[in-house]
Amino acid sequence: MVPHNIRNCIRRLRFDQGEMTQQALAERIGATRQTIIALEAGRYAPSLNLAFRIARAFDVGVEDVFQFDDEAETNDREA
Amino acid sequence: MSRQQTRARFNLAVCLTAVVLTLGLYPFVGSPAVGALGLMGLLGLGPLFFRSRPGSQEVLWDEREREIQLRASIISYSIFWVVFVAANMTLWAVYRKDGAVPVIFLPIIVFGGWLLFTVIQSIITLTQYRGGDQDGAA
């Protein structure tokens with residue numbers, strides 16, 4: 001449940017979109033506000049479905065929201 | 001705080017009250033005090049926490065909630081099952097020569113198992129939410 005290798009910029013995108021609140025984003029994508037908090041804190045990796053809904057809410061691509069951290073992945077494998 | 005957190009706290013409060021009441025009554029009324037565990041029937045009110053207000057767009061349950069609930073249920077069920085089987089085998093080992101297990105153990109086994117499952121499930125649920133409301137709020 002704690003993803004080390006997926007980062008996101010949801011917080012920045014929210015503020016770029018007229019300081020959208022976590023609650024507003026949550027309602028738009030059909031999630032709870034707690035999930036948005038967990039996502040922004042990097043404690044939760046969403047399903048593909050939710051990732052696409054988040055990207056759609058900001059009108060950007062999925063990779064504009066979520067980035068795969070190759071370095072962290074390599075470190076995880078070596079550990 | 002999510003509705004699931006509220007329900008987990010409610011469940012813990014009900015279980016704690018039932019146990020305290022049972023242990024508190026036992027010195028005065030003896031084995032009938034076990035009937036106080038029936039208070040756990042209040043756990044059936046849990047779904048009421050997931051009622052949405054009329055006209056509200058608030059999402060009460062999503063994929064992360066399901067994941068948390070599933071993990072909590074799997075862990076608590078596993079622990080419950082081991083303890084439940086161990087308790088029943090212990091009773092069998094102790095009372096097999098008598099040919100019958102005292103009837104007082106029936107509610108203790110049923111409610112005790114349910115109590116164990118609910119308490120572990122609630123604690124694991126709350127643990128998984130830890131810190132979720134404190135940081136990043138905006």
Roll a 1.4 angstrom probe over the protein heavy atoms and tell me the percent of accessible area of the protein assembly as shown that is carbon or sulfur. 61
Under a Gaussian network model of chain B whose springs join Cα atoms within less than 10 Å, the largest fluctuation of B:Val103, B:Val34, B:Val85 belongs to B:Val103
Under 5 Å, built H, 5+ apart or other chain: amide partners of A:Ile6: A:Asp69
Using only Cα atoms and rounding to the nearest 10 degrees, what angle (0 to 90) does helix B:105-129 make with the longest principal axis of chain B? 20
Mean residue ellipticity at 222 nm from the helices of the protein assembly as shown, using -39,500 (n - 2.57) per DSSP H segment of n ≥ 4 over the full residue count, to the nearest 500 deg cm²/dmol? -20000 deg cm²/dmol
Phi to ³J(HN,Hα) by Karplus 6.51 cos²θ - 1.76 cosθ + 1.60 over the range B:43-51, Hz, x for Gly, Pro: 4, x, 7, x, x, 5, 5, 9, 6
What are the residues of the range B:26-71 that lose 40 Å² or more of accessible area, with a 1.4 Å probe, going from their chain alone to all protein chains? B:Val59, B:Asp62, B:Glu63, B:Arg64, B:Glu67
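The values are calculated or read from the model by the stated rules, or taken from the named source; none is laboratory data. In this text the structure is predicted, and so the values were computed from the model without any measurement. Each accessible area value is taken on the protein alone, full model and side chains, heavy atoms only, with ligands, DNA and RNA left out. Shrake-Rupley method; radii C 1.70, N 1.55, O 1.52, S 1.80 Å.
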